[in-house]
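One structure is given here, and the rest of the page talks about it.
Read-outs: derived from the displayed coordinates by stated rules, not from any lab. Please read these numbers as outputs of a predicted model, since none were measured by experiment. Cβ atoms come from the backbone with ideal geometry, glycine included; neighbour counts cover every protein chain shown.
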Amino acid sequence: MDKRLLLVDVDCGVDDAQALMLALAAPHVDILGITCCHGNTSLDNVCRNVLRVLKVCNRLQIPVYGGAARSLLGNCLHASHYHGVDGLGDVPDPSSPDLDFLQKEHAVLAMIRIVNENPGQVTLVATGPLTNLALAVNMDPAFPQKIKSLFIMGGNMESRGNVTVCGEFNFACDPEAAYIVLNRFDCPTHIATWEFTCKNALPLDFYNEWISQKTEKAEFMRKISAHAEDFTKLSTEEKGWTEGFLPCDAYVMAAVVDDTFVTDVINCPVGVELSGTLTRGMMVLDTSGMLERKHKVFVMIKCDTEKLKCLLTKALQ
């Protein structure tokens with residue numbers, strides 16, 4: 001299989017860690033850099049969390065860059081209720097790598113540089129708010145034409161929200177950034193929405209077996225996932241959430257790693273609502289062409305969950 005060059009932009013919570021570990025376990029994947037953004041937790045915590053993941057995977061040589069600490073409008077929305085205040089389940093880790101491991105270069109500048117050094121070869125994967133990507137295209141309008149493709153975990157396709165009535169977390173964190181990216185990135189674009197993950201949830205039996213593997217990586221995952229597991233159980237009982245295991249960011253990473261993982265898509269233009277009282281941050285699919293936009297994106301709707309199970313299992317071995 002051909003080598004795949006990735007640039008991964010994260011707001012490293014538990015599911016970002018799952019996605020990173022999935023990619024790190026794929027022998028044909030080369031991660032050129034990991035850029036960090038506000039989102040699930042503060043930017044400093046995100047950076048620390050990425051370093052923790054790289055350490056447990058023995059890959060601290062991969063460069064990590066700190067990026068946007070707030071949305072384009074200066075707001076902050078965190079997900080401590082699910083990921084814990086520190087983003088990885090609030091598990092004490094006295095051996096966590098120091099932030100001195102971070103590169104001095106800003107994430108947005110690193111993005112532009114890495115893509116310029118590898119024109120047409122880099123797949124950009126975004127598993128958090130799209131602030132860094134929006135800043136990159138504002139600094140270099142030709143940035144989207146220089147990347148091979150863009151994969152996003154975020155948005156929604158049926159107006160179903162998880163932090164607001166109609167807003168998915170990553171897009172709700174920075175709606176303006178999502179709007180800019182979906183309007184100005186004209187490269188091949190693939191989106192794994194909130195509803196897509198819900199409809200393709202993995203069985204809880206698989207999750208229990210997955211974190212019970214006798215490895216250091218599995219032990220790490222078991223510890224950092226405990227907080228989210230408790231929250232999910234409570235929400236399933238009280239709010240009727242989808243029952244099952246939803247490693248949201250791992251879905252989009254599986255699509256990057258394995259071309260056959262996604263089995264069906266909707267190909268259409270999309271937009272992001274910015275001014276609606278109830279719908280701010282909602283992604284809208286233009287299946288009838290009323291927006292008159294030339295660029296169409298691939299919105300994932302079906303996938304091979306058995307392949308995701310295999311990729312996740314290898315990630316913790």
Residue 226 neighbourhood, Cβ < 15 Å, K/R = +1, D/E = -1, net charge -4
Links that overshoot a 30 Å alpha carbon limit, given the list 55/148; 104/199; 55/296; 3/309; 148/302 = 104/199; 55/296
Summing +1 per Lys or Arg and -1 per Asp or Glu among the other residues with Cβ less than 12 Å from residue 317's Cβ gives +2
What is the spin-label model distance, in nm, from residue 101 to residue 80 if the labels are put 7 Å beyond Cα along the C-beta direction?
-> 2.4
Tell me, how many Å apart are the Cα centres for region 137-158 and for region 28-63?
-> 20
Among beta bridges assigned by DSSP with both residues in the chain, the antiparallel ones amount in percent, to the nearest 5, to 30
Provide the net charge surrounding residue 199, with neighbours chosen by a C-beta distance below 10 Å and charges set as Lys +1, Arg +1, Asp -1, Glu -1.
-> -1
Identified option (computed percent of Cα pairs over 31 Å apart; candidates [x] 34; [y] 22; [z] 28) | [y]
Under the Karplus relation 6.51 cos²θ - 1.76 cosθ + 1.60, θ = phi - 60°, what is the ordered set of whole-Hz ³J(HN,Hα) values for region 246-252, x standing for Gly and Pro?
-> 10, x, 3, 5, 5, 5, 5
Hey, what's the per residue convex hull volume over the C-alpha atoms of region 92-184, in cubic angstrom?
-> 127
Once the Cβ-Cβ distance between residue 263 and residue 142 is put in as r, and R0 is 41 Å, what FRET efficiency do you end up with, to the nearest 0.05?
-> 0.75
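With +1 on the Cβ of every Lys and Arg and -1 on the Cβ of every Asp and Glu, and nothing else charged, how large is the dipole of the chain about its Cα centre, in debye rounded to the nearest 20?
Roughly 560 debye for the chain.
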Between the residues 135, 197, 172, the Cα farthest towards the positive end of the dipole of region 4-315, that dipole coming from +1 and -1 charges on the beta-carbon of Lys, Arg, Asp and Glu, is from 135
May I ask which residue of 112, 41, 290 lies farthest towards the positive end of the charge dipole of the chain, with charges of +1 (Lys, Arg) and -1 (Asp, Glu) on Cβ and the Cα centre as origin?
-> 112
Full-extension gain in nm, residue 3 to residue 231, via 0.36 nm per residue minus C-alpha separation | 78.3 nm
If r is the Cβ-Cβ distance from residue 274 to residue 159 and R0 is 25 Å, what FRET efficiency results, to the nearest 0.05?
-> 0.95
Nearest 0.05, what FRET efficiency do residue 288 and residue 44 give at R0 = 51 Å with Cβ-Cβ as r?
-> 0.70
